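Asks: Encoded as structure tokens, here's the structure I'll be asking about.
The values are calculated or read from the model by the stated rules, or taken from the named source; none is laboratory data. None of the values given here were measured: they were computed from a predicted structure. Every residue, glycine as well, gets a Cβ built from its backbone with ideal geometry; the counts of neighbours run over all protein chains shown. Note: accessible area is taken over every heavy atom of the protein model, side chains too, but ligands, DNA and RNA are not part of it. Shrake-Rupley method; radii C 1.70, N 1.55, O 1.52, S 1.80 Å.
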Amino acid sequence: MRKLFILTIIAMLSMTACKQQEEMAGAGTPSSEESLDGWATGTVIDDYAADGCEILIKLDEAEGESALLNPAELDKKLSKPGTRLKFKFQSTRMPHPNDCGRGMLVILNAVEKM
């Protein structure tokens, strides 16, 4: 009886964890697989410079705060506001390098100017 109880608890915890992951994935969190072949597109913006965000990338076809990416590093030639980019990225748990708390901090693996 005790084994059945423990297995039931484990099954419930597993189902809860899977459901939370599905909800997080569907909540507008960007991923590098959003577009075909793993490339995403976006525009460099400086709309939040007053908040300490020198540059952010606004993803195409996305809405809200989750549509903003805060690149850990971006070449100066590509960091001019209005520049259209095609890129691959991955999220990181590094602390934000500046006072900017907007957008998801990401590492750009590959970047091309459009």
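Asks: I need every pair where a residue in segment 70-91 that is closer than 12 Å to VAL44 by Cβ and open to solvent by 60 Å² or more (accessible area, probe 1.4 Å) has its Cβ under 6 Å from the Cβ of a residue that is aliphatic (A, V, I, L, M) and outside any loop (DSSP other than H, G, I, E, B), sequence separation at least 6 or different chains.
Replies: Pairs found: PRO81/VAL44; PRO81/ILE45.
Asks: Something else about it: Hey, does segment 68-91 have a residue that's at pLDDT below 80 and of a type outside the set (Asp, Glu)? Give the steps one after another, and end with the answer.
Replies: Applying the first criterion (at pLDDT below 80) to segment 68-91 yields none.
No, because not a single residue in segment 68-91 is at pLDDT below 80 and of a type outside the set (Asp, Glu).
Asks: Count, please, the residues in segment 92-114 that happen to be assigned to a loop (DSSP other than H, G, I, E, B), of a type in the set (D, E, K, R) and exposed (fewer than 13 other Cβ atoms within 10 Å of the Cβ).
Replies: Restricting attention to segment 92-114, the residues satisfying the condition of being assigned to a loop (DSSP other than H, G, I, E, B) are 92-103, 114.
Now drop any that are not of a type in the set (D, E, K, R), which leaves 93, 99, 102.
Those still in the list that are exposed (fewer than 13 other Cβ atoms within 10 Å of the Cβ) too: 93, 99.
Here the count works out to 2.
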